[in-house]
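The values are calculated or read from the model by the stated rules, or taken from the named source; none is laboratory data. None of these values were measured; they are calculated from a predicted model. Here the Cβ positions follow ideal geometry from the backbone for every residue, glycine too, while neighbour counts run over all protein chains shown. Surface accessibility is based on the protein's heavy atoms, side chains included, excluding ligands, DNA and RNA. Shrake-Rupley method; radii C 1.70, N 1.55, O 1.52, S 1.80 Å.
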Amino acid sequence: MKNILLLTDFSENSINAIHYALRLFENDMCNFFLLNVQSSGAYMSDDLVLAGNQSLYDSIVKKTKHKLSKLIVEVESEFKNDKFNFEMLVDYDALPEAINQIKKTKNIDLIVMGTNGVTGAKEVVFGSNTINVIRKVNCPTLVIPKGFKYRIPKDILLPLDLLDALSGEAFNDVIKFTKRFSNKLHLLRVKPHNENSNEEQKDKKNIARLLTEIEFEYHVITNVPMAYAVDCYTQSHPIDLTTLLVQKESVFERFFTGSPTTQISNSIRVPLLVFHS
């Protein structure tokens, strides 16, 4: 039984991500937890005035639960899958903190969310909050770009930076997912400045040992930034999903120079599946 957390702000984009997940796991027994998270700062004084003698729960939480309940009825009616169970959750906290709490109490296996990418507008759930979830929540996360329509992820792209290893638990998770859904795994070892990579020296041995049952392509790309290499490869090959092995990065890398994870997740063309290494 899979426990999957579906994040929603009731937007078309988040509902599209939910539909993608329901299609992807249509043959699995799944508990789906639909979560709406709102910051307490989002409530104006008018909200409290209108509440009158009602509690904050009655005036706000009840309304949100009603919307979640309606959404569950809609997806149950559309997908009609006896293997699915739905539960609604409401939280008022910072998004990563809320997810981390639910991850522990519900034993979440996967988080699914939509993203519009980063814009100059005021950020709401699924803007750059996607990055916050990837950074601060140690759980596989599936991000669906705006307007992406479901198709079976037959061709999967795995970009690798200088430190990403074709070994360990995270890479094993990629292999399991690929065996389940895919025809081919595309491996890109990207060296933006043609640097030496100790992991590159191990690639051939690891591939021979671990990818015996998977069709694959392996390429080394030099003197090209990671995000650019991924974007070009995605446009020139029939890629259905990109997966990443995300490492903890220094404050300097995250806030001043940027990172491949941030750049890629801000401009994804196909669904992005993140595993933490």
Taking Cα pairs closer than 8 Å and at least 6 residues apart, the relative contact order of the range 143-277 in percent is 34
Quick calc, the range 132-277, dipole around Cα centre from Cβ unit charges on Lys, Arg (+) and Asp, Glu (-), nearest 20 debye, gives 420
Would you mind getting me the FRET efficiency between THR212 and SER277? Use the beta-carbon distance for r and R0 = 25 Å, nearest 0.05. 0.70
If packing is taken as the average count of other Cβ atoms within 10 Å, what order do 228-240, 189-201, 133-145, 25-37 fall into, highest mean first? 133-145, 25-37, 228-240, 189-201
The range 139-144 - phi-based ³J(HN,Hα) in whole Hz, Karplus 6.51/-1.76/1.60, Gly and Pro as x: 7, x, 10, 10, 10, 9
Computed D for the range 81-229, Stokes-Einstein, Kirkwood radius over alpha-carbon pairs, 20 °C, 1.002 mPa s, to the nearest µm² per second, is 119
Which far-off residues, 5 or more places away or on another chain, put their amide H under 5 Å from the one on THR115, with H placed in the peptide plane? ILE144, LYS146
For ILE264, the accessible surface traced by a 1.4 Å probe with all protein chains present amounts, in square angstrom to the nearest 10, to 10
If each K or R counts +1 and each D or E counts -1, the residues other than LYS184 whose Cβ falls under 14 Å of its Cβ total -2
Counting only other residues whose beta carbon sits under 12 Å from that of THR234, what net charge do I get with K and R as +1, D and E as -1? -2
